Structure formats: structure tokens, C-alpha cells
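Below is one structure; the comments refer to it alone.
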Amino acid sequence: MIALVISCETEKTVIDKAETKEKISNPSLSGKLTAITIDNNIVIAGPNGDLYPSKEEIRTVLTDELAKAGVTTNYGEMTILREMTDAGEVIALRANDFDNGVKTTIFLQATEDGKFRLAPSTGTCSCKSKACATSIGCTAEMFGTNCTCTSCSGDCEKTSTASFGEALVAHLSSDLD
């Protein structure tokens, strides 16, 4: 599980958006987190073999799937995060839309060849900050199949989708036709 616990309190200092991006994208500032680029590193099983979606293909399908659920997104940052926890290693695709306050998590599994497998049955966990006191806002986390949002002094809106993996396979397969 990704254990980024962020509390938004009105008495605390507001954290700059650029500082937040730097902490997420720079593993040395993130402690146990390691960031990895998406392109050529994610694999999903298609009807005729493995498919390797690009960052833009993932962004397109993710945006479309969340739009169906009523969430508007424009992801500016997408990366694979690896974290060592007491329970073992957790790997997830993390997408951040700082402008709309939406953060999405999709779990991945490491493969023997160093890639990261996304199961066709994989869904998403998204949290949208509403009236949060800091620019970080609430963060999407998954515990097993449960989608949760970290606490925030303002409201946090949770959206889960169950069909992201299937929609990605359908999108990638239609490009092959």
C-alpha cells in the first residue's frame, strides 16, 4: 500500500505546488519512494499478447474513464511509484492533476523482466480535493480493493472505477485494427 499520509490543516503553512511536484518526482526527497517513468515500462495482457501502452494512451483512457464517472481531469504528472513498506513493496501508477485537485492511484505488479504489469481487471482510485487548506490536497490510496482518500481539513470526493484495465486493452487493441 502507498502510505503517503498528508494532513491539510488551516493553521499549517501552505505548501507550494512546485515543491509538491519536486518531492513526488525526486526520490531522494521522498524517503522510501522511487519514481519511474511510464513509457515502455507498463505491460497489460491483450487478446493477442502483451501490450505496452504509452503515457499518452494511459492518460487518454484514464481521463475518459473518469469523465464517465463525472470527474474532469487534465493530468499533468504521471509516474510509477515504488515504495518499501513494513508489509513489503508496493508499486502504483500515480496520476496528479494539480489544477483540478484530482489524484489517482492504480496498482501494478513487478514482472521478472523489470516491467510493471497492469491487470485487465484493474480499476482506479481517485480523490478530488474540494476546499482543502493546502495545495497538496487529499491523496488516493487503495487497501486491497478499497479506495480511500487521505484526510483533509476540507472535503475530499472519492471516485472508483472498475473498468480502467479493460478500457485500456480495448483502446490499445482498436489501434491495432
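Readers should treat all values here as calculations from the given coordinates under stated rules, not as data from a laboratory. Just so you know, these numbers come straight off a predicted model, no measurement behind them. As a convention, Cβ positions derive from the backbone with ideal geometry for all residues, glycine included, and neighbour counts pool all protein chains shown.
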Item to check | Zone residues, the range 71-101, relative to residue 35, backbone N less than 16 Å from point 7 Å out along Cα-to-Cβ | outcome: 75-83, 92-99
Item to check | From phi via Karplus (6.51, -1.76, 1.60), per-residue ³J(HN,Hα) for the range 85-102 in Hz, x at Gly/Pro | outcome: 10, 4, 8, x, 7, 10, 10, 8, 8, 10, 10, 10, 10, 5, 5, 9, x, 10
Next on the checklist: Strictly over 21 Å apart at the Cα level, which of 32/158; 68/103; 32/128 would you flag in this model?
Outcome noted: 32/158; 32/128
